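Taking it in order: structure first as structure tokens, then the write-up.
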Amino acid sequence: MAASTNTPNLLTAGPLLCLAGPTASGKTAAALAIAQAFAEQKPPLLVEIISVDSALVYRGMDIGTAKPTAAELAAVPHHLIDLIDPSEAYSAARFVGDAQRLIGEIRARGHLPLLVGGTMLYFKALFEGLDAMPAADRAVRAALDAQCEREGLHALYRELQRVDPVTAARLAPGDRQRIQRALEVHRVSGLPLSSFHQQKAAVEMPPLISLEPSDRAWLHQRIEERFAQMLDAGLVDEVQALMQRGDLHADLPSMRCVGYRQTWEALEADDLSELPERGIAATRQLAKRQLTWLRSMPQRHVVACDADDAQAQVVALALRLADLLAAPTTPSA
């Protein structure tokens, strides 16, 4: 049986609050409002934000990730933003290690860690632990890349359906990165990826505030407006500059981020006419997946992000949840 690493003691041993939601649900503004509200308490409790976002870790990817502005980053300390180059990869395992370290450091300063983002896999990995799976094998990965180029992704997907039907059923047939990883695990270990996902024991979870729309059309409109704003702000130029570096390609995790993938493909085809439609559609699909993940988290406290007073509700809920948080440890002199 695969071993797993759980972190319930870390998550409940001191003050910690989480804020999640789909893309365009207003997480950044709500997080800053929470930080301000805690700072205005008597005595004040200072907040530091830990980003839970697989796209914000990349330097030079600002417009398409809706990265917080310089003023927003200066208003409250932020962590795990602009962490790595787009040529590098960032994993859920690395996030858990980074988040664990930061939670401890922030508590040691007597501050409140506030985890904010929409990468639900990262939240899930932090809450429930990670299964011990085989490390990446470059030779096997290269062989899979070559097979994919030679036979097509559909052939790899059919192989996955044969050796690991459970994993194949939960992956989209076009999800090259995860299909190849699942096949890599099988070829290295002889076991299906699904066998490494063990049922976790129930543990106490930190409070999580979840921004979810009561009317999905509201979120769709927000997504449409924000993608238009990204295009106006220079998303195409940003992706073009990344392409011109020469060391990046479309299959890197960074370039598979929603918005970047569609813009890269449009630039390669030298046709931007369908970019708005394709970018908006992909972002809506991302939001749908995020909401599905959120509904599987029983500890969440839902706030309707399309309510007129959504931000005030988030702040009030965060303050009410404060009595569930252990008193912060005052750093020794």
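The values are calculated or read from the model by the stated rules, or taken from the named source; none is laboratory data. As the structure is a computational prediction, the values presented were derived from the model and not from experiment. Ideal geometry is used to build each Cβ from the backbone, glycine not excepted, and the neighbour counts take in all protein chains shown.
Among (1) aliphatic (A, V, I, L, M); (2) closer than 30 Å to Ala316 by Cα; (3) modelled with pLDDT of 90 or more, there is one condition Met205 misses while meeting the rest; what is its number?
Every listed condition holds for Met205 apart from (3).
Between residues in region 180-200 that are over 20 Å from Glu128 (Cβ atoms) and residues that are modelled with pLDDT under 80 and of a type outside the set (Phe, Trp, Tyr), which pairs lie under 6 Å by C-beta distance while being six or more apart or on different chains?
Val188/Pro134; Ser189/Pro134
Tell me which residues, restricted to region 281-322, are under 16 Å from the mean Cα position of the chain (by Cα), surrounded by 17 or more Cβ atoms within 10 Å (Cβ to Cβ) and in a loop (DSSP other than H, G, I, E, B).
Of everything in region 281-322, just one residue is under 16 Å from the mean Cα position of the chain (by Cα), surrounded by 17 or more Cβ atoms within 10 Å (Cβ to Cβ) and in a loop (DSSP other than H, G, I, E, B), namely Met297.
Would you point out which residue out of Leu144, Leu153 is touching a residue at least 40 places away in the same chain (Cβ under 8 Å) and over 21 Å from Ala92 (Cα atoms)?
Leu144
Does region 148-199 hold any residues that are of a type in the set (Phe, Trp, Tyr) and within 22 Å of the chain's Cα centre (by Cα), and which are they? Working first, answer last.
From region 148-199, those of a type in the set (Phe, Trp, Tyr) are 157, 196; that's our starting set.
Selection gives Phe196 alone.
With the condition kept exactly as written, say whether any residue in region 208-215 is out of contact with any His (no Cβ under 9 Å at 6 or more places or on another chain) and surrounded by fewer than 17 Cβ atoms within 10 Å (Cβ to Cβ).
yes
Quick one: in region 239-280, of everything that is in a helix (DSSP H, G or I) and basic (Lys, Arg), which residue is nearest to Leu83 (Cα to Cα)?
Top of the filtered list is Arg256.
Checking the conditions here, which among Gly234, Gly259 is touching a residue at least 12 places away in the same chain (Cβ under 8 Å), crowded, with 16+ Cβ neighbours inside 10 Å and on the phi > 0 side of the Ramachandran plot?
Gly259
Test of understanding: among Ala71, Ala172, Ala168, which residue is outside the structural domain of Gln244 (by TED's automatic domain parsing), part of a helix (DSSP H, G or I), without any contact (Cβ under 8 Å) to a residue 24 or more places away in the chain and at negative phi?
Residue meeting the stated conditions: Ala168.
Can you give me the ranges of the helices (runs of 4 or more DSSP H) entirely in region 94-164 with at least 1 residues that are of a type in the set (Gly, Ala, Ser) and touching a helix residue (DSSP H, G or I) at 6+ places or on another chain (Cβ under 6 Å)?
Details: elements: 120-128, 138-151, 153-163.
Result: 120-128.
Please work out which one of (1) in contact (Cβ under 8 Å) with a residue 40 or more places away in the chain; (2) of a type in the set (A, V, I, L, M); (3) farther than 27 Å from Ser25 by Cα is the condition Leu126 fails and give its number.
That leaves (3) as the condition not met.
Mind telling me which of the residues Leu115, Leu121 ends up being in the same structural domain as Leu46 (by TED's automatic domain parsing), within 30 Å of Ala287 (Cβ to Cβ), in contact (Cβ under 8 Å) with a residue 40 or more places away in the chain and surrounded by fewer than 19 Cβ atoms within 10 Å (Cβ to Cβ)?
It is Leu121.
Looking for something surrounded by 19 or more Cβ atoms within 10 Å (Cβ to Cβ), touching an Asp or Glu at 6+ places or on another chain (Cβ under 8 Å) and modelled with pLDDT of 90 or more - is there at least one such residue anywhere in region 128-147?
Yes: one or more hits.
Would region 319-333 turn up any residue that is at pLDDT 95 or above, assigned by TED's automatic domain parsing to the domain that holds Lys67 and not basic (Lys, Arg)?
no
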